[in-house]
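All of the numbers you see were taken from the coordinates with simple rules; none came from a lab. Everything numeric in this text was worked out from a predicted model, so none of it was measured. Cβ: placed from backbone, ideal geometry, glycine included. Neighbour counts: every protein chain shown.
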Amino acid sequence: MAAGPVHERLAALELVDHHCHGAVTTGLDRAGFESLLTEGEAWPGVSPFDSPVGVAVRRHCAPLLDLPRHVPPDVYLGRRAELGTAEVNRRFLRAAGTGVFCVDTGYAPHRVTAPAELAEAAGGVAYEVVRLEGVAEAVAAGGVEPDAYAAAFRAAAWEAVRRPGVVGVKSVAAYRTGFGLDPVRPSSAEVTEAARRWLARGGRLDDPVLVRHLLWTAVDLGRPLQLHTGFGDGDIRMHRVDPTLLTDWLHLTASTIPVLLLHCWPYQRQAAYLSAVFERVYLDVGLTLHHVGPARAGAILAEALEITPFRKLLYSSDAYGVAEFHHLGALAFRQGLAGLLWERVEADELALPDALRIARWLGRDNARRVYRLPGGLVDDG
């Protein structure tokens with residue numbers, strides 16, 4: 001498909017990545033790099049390079065390392081090591097064309113860039129998204145009595161969101177319990193009893209009552225709430241992370257705070273439905289886009305946009321670990337959305353001015369508005 005004005009607009013647009021993570025700051029051998037290419041386990045004799053995302057890295061990332069497209073993995077990794085991690089990160093982050101990053105700092109099994117470091121490498125700015133499970137687990141680790149847990153968690157959460165640069169909060173309830181929860185706010189007595197059980201056994205926060213309490217605390221905080229849905233690593237039970245399982249909870253809460261459904265695949269159509277019927281529900285298809293690559297990004301976006309109001313879809317990469325994913329996510333989004341919108345323009349299903357406006361909304365302005373970022377309250381048509 002020939003490039004048109006929509007492609008040009010999206011290629012030049014400075015994106016807002018409303019959900020991502022840092023990039024590793026240390027060198028990676030082949031095993032280390034391959035472990036970050038996949039959401040699954042490393043399997044003997046099966047290389048993640050032999051997957052859609054592995055092929056996309058060799059096709060679309062190799063030229064930024066001064067290599068031909070489709071070079072063998074060992075050549076790619078050798079050049080990566082030769083340049084060094086800092087230079088590799090700088091090249092991919094600059095190539096992404098992202099001006100604003102909203103960084104989830106709650107997941108860091110590797111040494112990764114802090115938001116300020118990510119922004120410096122990219123030549124942009126960064127804000128923080130606080131993962132609430134981490135706040136709760138820090139409260140527990142610090143020592144608290146069961147009957148004091150609710151107040152202590154609430155105070156710690158408020159302190160976290162008041163830090164400079166924090167623009168939202170996130171929950172990984174999808175990983176911990178799934179969404180088939182009682183939607184009603186738990187009572188104080190229920191929270192105390194659940195805290196007693198959890199504090200006695202320790203470990204990560206996965207008690208259904210306390211997860212419900214966490215989600216309702218997020219409502220009280222009044223900040224945009226990101227919720228992981230759909231695609232993730234092997235800790236997910238996919239049938240439990242369909243976002244429509246949140247419907248009853250959304251009926252109780254969704255007029256109070258923005259709720260942002262992250263990733264969504266294979267439930268992008270279900271998420272689209274929720275965005276179409278609840279005023280303050282939004283979605284993205286981040287993480288999915290770099291895993292399917294530019295070749296299939298348009299198909300994923302087409303399904304997400306079948307009924308989604310155009311003010312309700314945001315761009316995210318959900319890149320973690322390798323800076324290639326910040327670049328691939330942006331590239332897949334730009335190319336996939338441009339192809340989709342231009343096809344509709346050529347079919348006279350969409351006027352060109354509308355397509356250009358939609359491109360700008362999805363890539364930048366929707367996130368600015370939801371997170372109240374600078375320039376986000378101005379609608380420039």
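A few notes on this one:
- Packing, taken as the mean count of other beta carbons within 10 Å per residue, orders the peptides 146-159, 196-209 from highest to lowest as 146-159, 196-209.
- Computed lengthening from residue 148 to residue 233, 0.36 nm per intervening residue step minus Cα-Cα distance: 27.2 nm
- Crossing angle, helix 132-141 versus the chain [Cα axis fit, 0-90 degrees, rounded to tens]: 50 degrees
- Relative to the longest principal axis of the Cα atoms of the chain, the long axis of helix 149-161 makes an angle of roughly 30 degrees.
- Relative contact order (percent, whole number), the chain, Cα cutoff 8 Å, 6+ residue spacing: 21 percent
- Relative contact order of segment 255-381, defined on C-alpha pairs under 8 angstrom at six or more residues apart (%): 22 percent
- Cβ-to-Cβ counts within 10 Å put 310, 33 in ascending order as 310, 33, the fewest first.
- Each Lys or Arg adds one and each Asp or Glu takes one away; over the other residues whose Cβ falls under 15 Å from the Cβ of residue 217, this sums to +2.
- In the chain, the DSSP beta bridges split such that about 5 percent are antiparallel, to the nearest 5.
- Annotation: the antiparallel percentage among DSSP beta bridges lying fully within segment 1-149 is about 20.
- Sorted on the mean count of surrounding Cβ atoms within 10 Å across their residues, most packed first, peptides 352-364, 276-288 read 276-288, 352-364.
- Mean projected area of the convex hull spanned by the Cα atoms of segment 2-101, taken over all viewing directions: 7.6 nm².
- Charged-residue dipole, Cβ positions (Lys, Arg, Asp, Glu), the chain about Cα centre, Debye nearest 20: 380 debye
- Part-to-part distance (alpha-carbon centres) for segment 45-64 and segment 279-306, which is given in Å: 20 Å
- Computed from the C-beta positions of residue 29 and residue 108 and an R0 of 25 Å, the FRET efficiency is 0.80 to the nearest 0.05.
- Each of 25, 217 has some number of other Cβ atoms within 10 Å of its Cβ, and from fewest to most they run 25, 217.
- From its DSSP helices (H runs of at least four residues, each -39,500 (n - 2.57)), the chain gives a residue-normalised ellipticity at 222 nm of -13500 deg cm²/dmol.
- Compared with the dominant Cα axis of the chain, that is its longest principal axis, helix 268-277 is turned about 60°.
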